[in-house]
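Chemist: Shown below is the structure under consideration.
No value in this document is a laboratory result; all are computed from the given coordinates. Quick caveat, the model's predicted, so the values are computed rather than measured. Cβ coordinates were reconstructed from backbone atoms using ideal geometry, including for glycine residues, and neighbour counts include every protein chain displayed.
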Amino acid sequence: MRRIKKNSPQTLYSALKGRMAVVSVLFVVCGLALAGRLAHLQIFQHDELLSQAQKQYLRTVEVVTGRGHIFDRNRNLLATNLDVESVYIDPREIFNSKETARALAGTLNLNPETVLEKVNSKKHFVWIKRKARLDEISQLRQLDLPGVGFIKESKRFYPRRQLAASTLGFVGLDNQGLAGIEHERQSLLKGKLKRKVVEKDARGRYLQTGPDDASHRNRDLVLTLDEVIQFYAEQELEKQVREFQAKSGLVIVMDPNDGSIYALASYPGFNPNNFAAFPRKRWGNPAVTHAYEPGSIFKPIVVAAALEEGVARPNDIFFCENGNYEIGGIHIGEAANHRFGWLTLQNIISKSSNIGAIKVAQKLGEERFHEYIRNFGFGSRLGVDLPGETPGMVRDLSDWSGLSLASISFGHEISVSPLQMTAAIAAIANGGLLVKPHVTHEVLKNGEVVKQPEEQIIRRVLTRHTSRQMIDMLKQAVKHGTGKQAAIPGFEVAGKTGTAQKIDPETHTYSTSAYLASFIGFVPADAPRLVILVMIDEPQKSYWGGEVAAPVFQRLAEKTLRYLHIPSSRERVFVLDRT
């Protein structure tokens with residue numbers, strides 16, 4: 001037998017073949033193990049691993065989009081939305097905390113310490129600045145900071161700036177209505193809560209993904225406000241407050257027939273686009289939320305009640321004590337130290353006699369006077385569709401003192417909101433119906449009207465006959481009485497002046513230097529289209545309602561009548577002559 005050598009080719013081949021077999025087996029085992037592992041990961045751990053990956057590269061953020069628009073009665077835009085960007089960070093992706101915090105604070109005009117605290121947070125997602133300015137976003141993008149991301153949001157925008165701000169109100173960062181109609185109609189205007197997904201790239205920068213559905217809105221709101229009339233009201237009010245160096249002022253313009261409010265103006269105001277830059281006391285709507293002692297503009301209420309109850313007639317005469325009337329040891333006088341003797345009921349209104357109003361109230365009696373005060377809407381909310389409406393203050397009859405009947409007859413010892421006062425005089429103007437004031441005209445969906453609030457008559461407070469008598473008397477107050485400066489050429493105006501002493505907050509007695517000057521009236525008197533209240537708080541050069549407030553009524557009403565194409569008596573005669 002032939003022997004094979006140890007290092008022969010046959011020996012080497014056998015050894016190599018054995019080693020290859022071992023290696024092949026190892027490859028097969030490893031392949032099977034790898035395949036098993038992949039199967040386990042892809043089948044049994046798929047959901048868990050996907051979730052972990054998404055946590056590393058994706059973030060879901062909730063934002064509100066599509067808040068409803070607000071229009072005036074002619075579909076002019078008063079509130080809309082703008083696309084803006086907000087800045088956020090993932091602190092884990094930030095390598096140099098101090099440098100990043102300094103860059104963010106400097107670019108976004110934020111407190112460096114506050115930003116650094118957020119950068120050092122252990123959270124995965126932290127807001128840095130919501131709804132930043134375009135120039136801030138542009139500068140920050142150029143810095144290309146790791147861990148800093150941007151996301152589109154919707155920001156409320158008021159294109160008319162301060163116009164009707166107290167009525168419109170404003171919204172917060174999350175588009176939540178915080179004041180005005182924005183708050184009152186939050187459920188209608190709120191828009192939709194959307195979840196936006198942001199994805200991180202390989203450098204740790206966040207990229208917004210998915211389409212923005214900002215076109216979807218809940219509903220749009222059309223107000224009874226008219227932006228032109230609102231502008232006139234604000235313009236004339238500001239002019240008069242500045243002219244008389246007054247503390248503040250307000251104007252209401254309303255249709256006395258259905259309660260539609262054309263303008264609610266207050267001065268000083270604020271810009272709802274930047275409401276935080278203004279004092280909080282300016283954010284409210286004093287025509288709705290504040291209550292005042294109305295003074296002599298309240299006298300038509302007691303006179304109307306006396307006429308309705310038949311205890312007085314326009315030509316009845318009352319002795320006005322020559323300007324000095326004592327009740328319970330208290331001496332009551334007339335404004336400007338007037339000394340009236342005998343006055344007709346008509347002249348009590350025209351000359352605004354305090355003592356005459358007291359004599360009328362005494363004939364009416366406490367119980368009936370209190371009942372009419374309540375029937376005219378004082379002491380309770382009218383239900384206007386604006387937040388914070390005050391009921392005012394009307395004491396229960398059991399709480400009246402021996403002086404209450406006298407004081408309330410000329411507008412003291414009672415507090416009313418300007419809106420209540422406007423609605424009460426509107427009831428005299430429209431034939432005796434107390435109507436509910438409102439600012440909502442229509443609700444739209446996709447541009448189509450889906451709801452129109454119906455006119456709401458609260459109650460009848462006077463007969464048409466009494467209303468007619470009061471209109472004639474208030475016309476004389478403008479023609480021959482204290483309201484002469486409210487007269488408008490070509491139109492008959494009915495109205496009443498008021499000059500109310502304010503309570504001194506320190507002495508709790510009536511001030512001798514702080515007054516509320518007012519005028520309330522309607523026009524055209526015999527077929528009223530407008531009722532307008534003007535109140536000027538603490539004017540300095542003069543405090544008489546006929547001198548301070550009545551001219552505002554005159555200028556505003558004249559502009560508004562022309563704007564609404566309401567013909568004057570001369571124009572009506574001209575048309576009749578032509579036909």
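Chemist: Output the peptides 383-393, 403-413 sorted from most to least packed, where packing is the average of other Cβ atoms within 10 Å over each peptide's residues. Please report the intermediate quantities before stating the final value.
Modeler: Details: 383-393: 18.1, 403-413: 22.3.
Sorting 383-393, 403-413 by mean packing, highest first, produces 403-413, 383-393.
Chemist: Under the definition of Cα pairs under 8 Å and six or more residues apart, what whole-number percent is the relative contact order of region 227-578? Display every interim value, and only then the final one.
Modeler: Working: 761 pairs, mean separation 74.6, N = 352.
21 percent.
Chemist: Counting pairs of alpha carbon atoms under 8 Å apart in space and at least six apart in sequence, what relative contact order in percent does region 400-455 give?
Modeler: Working: 31 pairs, mean separation 9.9, N = 56.
Result for region 400-455 is 18 percent.
Chemist: Still on this structure, I have one more. Would you please put 255-264, 548-557 in order of how densely packed they are, using the mean number of other Cβ atoms within 10 angstrom per residue and starting with the highest?
Modeler: Details: 255-264: 24.1, 548-557: 26.4.
Final packing ranking: 548-557, 255-264.
Chemist: For region 87-184, what value does the Rg/Rh ratio take when both radii are computed over Cα atoms and Rh is the Kirkwood radius, given to two decimals? Could you put the intermediate results ahead of the total?
Modeler: Details: Rg = 16.2 Å, Rh = 15.0 Å.
With Rg and the Kirkwood Rh in hand, the quotient comes to 1.08.
Chemist: Something else now. Sort Arg73, Arg280, Arg460 so that the residue with the fewest other Cβ atoms within 10 Å of its own Cβ comes first and the one with the most comes last.
Modeler: Working: Arg73 18, Arg280 10, Arg460 14.
Ranking Arg73, Arg280, Arg460 by Cβ neighbours within 10 Å, fewest first, gives Arg280, Arg460, Arg73.
Chemist: Still on this structure, please answer the following. Starting from the Cα gyration tensor of region 227-578, multiply each eigenvalue by 5, take the square root, and state the resulting semi-axes largest first in whole Å.
Modeler: On the way: eigenvalues 184, 117, 88 Å².
Taking √(5λ) for each Cα gyration eigenvalue gives 30, 24, 21 Å.
Chemist: A further question on this structure: Fewest first, what order do Leu343, Leu82 take by the number of other Cβ atoms within 10 Å?
Modeler: Numbers: Leu343 20, Leu82 14.
In increasing order of surrounding Cβ atoms, one gets Leu82, Leu343.
Chemist: Taking the simple approach of a point 7 Å from Cα along Cα-to-Cβ for both Asn74 and Thr114, what is their distance in nm?
Modeler: Roughly 4.2 nm, to one decimal.
Chemist: Around Ile503, which amide H atoms from residues at least 5 apart in sequence, or from another chain, sit under 5 Å from its own amide H, with H modelled in the peptide plane?
Modeler: HN-HN under 5 Å from Ile503: Ser511.
Chemist: Please rank Val228, Val461, Val439, fewest neighbouring Cβ atoms within 10 Å first, as an exposure proxy.
Modeler: Details: Val228 17, Val461 22, Val439 27.
Starting with the residue having the fewest Cβ neighbours, the order is Val228, Val461, Val439.
Chemist: While we're on this one: Any chance you could tell me what percent of the C-alpha pair distances in region 275-338 go past 18 Å? Each step should come with its number before you reach the end.
Modeler: Values: 1321 of 2016 pairs.
Counting every Cα pair in region 275-338, those more than 18 Å apart make up 66 percent.
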